[in-house]
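The values are calculated or read from the model by the stated rules, or taken from the named source; none is laboratory data. What you are looking at is a predicted structure, and each value in this text was computed from that prediction instead of being measured. Cβ placement follows ideal geometry from the backbone for every residue including glycine, while neighbour counts extend to all protein chains displayed. Remember, those area values only see protein heavy atoms, side chains included, never the ligands or the DNA or RNA. Shrake-Rupley method; radii C 1.70, N 1.55, O 1.52, S 1.80 Å.
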Amino acid sequence: MTTLRFILGDQLTREISSLSDLDPATDVVLMAEVADETTYVGHHKQKIAFVLSAMRHFANRLREEGIRVDYVRLDTPDNAGSFSAEIARAVSRHRPTRIVVTEPGEWRVLEAMRGWEDLVGVPVEIRDDDRFFASRARFRRWAGHRGTYRMEFFYREMRRETGLLMDGDEPAGGQWNYDHDNRKSLPAGLGIPARERFPPDPVTAEVLDLVRRRFPHHFGDLEPFGWAVTRDNALKALDHFVRHCLARFGAYQDAMAEGEPFLFHSLLSPYLNVGLLTPREVCAAAEAAWREGRAPLNAVEGFIRQILGWREYVRGIYWLRMPDYADSNILSAHRPLPWFYWSGETEMNCLSQVIGDIRRTGYGHHIQRLMVTGNFALLAGIEPAEIEAWYLAVYVDAYEWVELPNVHGMVLFADGGLLASKPYAASGAYIDRMSDYCAGCAYRPDVKTGEGACPFNYLYWNFLIENERILSRNPRMAMPYRTLARFSAERRAEIRRDAETFLDGLEVGDRVAT
Ligand code: FAD
Ligand code: DLZ
Ligand code: SF4
């Protein structure tokens, strides 16, 4: 009576629901490195290395417990290349009486999973992924028949439900949100803590070699590779963040600095997303730091909100709205993705720095994603599918369930405001205020049009002009539209002309086929 338990590359948690009733005497755990998953987008080289090495380490950990693991490597000659084909091969090897899996993170994989019972003729049980605070059904109950879904209200319910940062029925400190103490720019001379990185062990070295050989044309530098690939090291990374960065996380979470991609951010998303850490233990560690007086409440609340609020909320939206979520394009954006998103070769220093950081590290923090690469894509009217594929490819932490709502909803407003109450459009002044990028730029943030003007400036007003019919009805856009109404016809024409010349320049031969 063998049960075959299939663990995917982002399910590397010993307590995952598919292993909960495992019997080592009879059961087999299947893990498979497959070509489909390594190439369905052109992942950053460090992402492939991170996932495969973490998978191999997890398999070894299960074996050390006496669990039988059938591990299919990418370079195994008869590797069939997809989850479905590998399940079929494993069924013929082990003749199980049933298959148990935990629901996957992505729609396309769930669709495949739903076909496995017919494919292999063995019952398949798909269990909830209870690593999340809110199950898909719980989120659907919250969403109910609302027309729009505001994260803040969902977050408060989650605080009450989990008891995180609660004093009885009241939020700790008396407020739900301390953002008025956050969002500061970086003061000169503030020390940035060096980050704990983890040198590759022999298992990782072997995977790095595989990635070097198999994926030379994928985006990004493979080395230096310093991600944790085991739970023990991911726990060390969590401890390092709590001790050295958390206290300043809140104040400087929106700041950006040349040559400092990490600042006070946690760098924990890759570990949370593959299961080396759980959201519960990360939030608990942050709360303990506040209760023990090691970090202020504005920082800890801001950090917990990202995980208990935003992370759960975007996952809820993804499963609520898929498979159609990606189809909308309310602002009719159809411009192809400019080549500089891959090469980093642009005179706009903010974009060139952020893309360079991603290339080297596979990382970008939230404001870089939203207000630099995202803001440009919004203002330039990049086709949603093209920029979504880019976001899914370039980060070590990228998975569609978290990438898509952030890009389609937050960045592009392509869903017409389901997630965000207004587009996060900003001119160069925002980037200048929150970063030091402008000092080293060929353009000037204080010049609005004409010679040397920052492209974000005229693209911002051009975006408002182009989308006036849809966006001027939004009450939260009333102020910029009042300002726009005061522009002379000549000024509008100048903005349109500068934007057109700039955007046409991008398109000439600047396309990338991925
Ligand atoms: P921190 O700043 O330290 O935040 C702590 C944790 O909060 C993160 O590890 C993450 O788990 C969670 N978090 C923070 N913001 C968000 C958010 N908006 N949505 C969901 N979780 C959040 N995150 C991913 O994990 N994968 C993605 O593919 C991804 N794509 C994004 C695309 C865009 C356009 C934007 C604006 C955001 C995206 N995010 C994504 C969310 C966020 O930018 C990253 O989670 C964060 O930058 C990871 O770095 P960190 O661990 O240092 O985060
Ligand atoms: C991201 C990824 C990569 C690069 N490779 C594999 C793999 O070879 N085998 C595997 O089980 N998982 C991999 N993953 C993670 C999957 O893409 C992820 O499990 C699905 O997208 C579902 O979220
Ligand atoms: Fe970016 Fe404009 Fe500043 Fe240059 S001037 S770094 S393009 S915001």
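Residues that are more than 16 Å from ligand 3 (Cβ to nearest atom) and out of contact with any Leu (no Cβ under 6 Å at 6 or more places or on another chain): find the helices (runs of 4 or more DSSP H) completely inside region 365-445 holding 2 or more of those.
384-394, 400-404
Let's see how each residue does on (1) more than 24 Å from E152 (Cα to Cα); (2) more than 16 Å from ligand 1 (Cβ to nearest atom):
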residue	(1), (2)
A385	yes, no
Y399	no, no
A420	no, no
S427	yes, yes
Y437	yes, yes
C441	yes, yes
G452	yes, yes
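Look at region 311-350 and say how many of its residues are in a helix (DSSP H, G or I), hydrophobic (A, V, I, L, M, F, W, C) and farther than 20 Å from R369 by Cβ.
2
Being at pLDDT below 95 and surrounded by 16 or more Cβ atoms within 10 Å (Cβ to Cβ) is the requirement here; does D510 meet it?
yes
Is it the case that S328 is away from ligand 2 (no atom under 16 Å from the Cβ), among the small types (G, A, S) and either farther than 21 Å from D179 by Cβ or open to solvent by 10 Å² or more (accessible area, probe 1.4 Å) (or both)?
Judged against the criteria, S328 is a match.
Yes/no matrix, rows are residues, columns are (1) open to solvent by 50 Å² or more (accessible area, probe 1.4 Å); (2) touching a residue at least 24 places away in the same chain (Cβ under 8 Å); (3) basic (K, R):
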{"residue": "R195", "(1), (2), (3)": "no, yes, yes"}
{"residue": "L210", "(1), (2), (3)": "no, yes, no"}
{"residue": "L222", "(1), (2), (3)": "no, yes, no"}
{"residue": "L235", "(1), (2), (3)": "yes, yes, no"}
{"residue": "F264", "(1), (2), (3)": "no, yes, no"}
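Quick check, is R146 at pLDDT 95 or above, open to solvent by 70 Å² or more (accessible area, probe 1.4 Å) and not in a strand (DSSP E or B)?
Judged against the criteria, R146 is not a match.
Show the residue pairs meeting these rules: Cβ distance below 6 Å; 6+ apart or different chains; first residue within region 307-322 and more than 15 Å from L164 (Cβ to Cβ) and open to solvent by 10 Å² or more (accessible area, probe 1.4 Å); second residue of a type in the set (A, V, I, L, M, F, W, C) and modelled with pLDDT under 95.
Cβ pairs passing all conditions: L320/A143.
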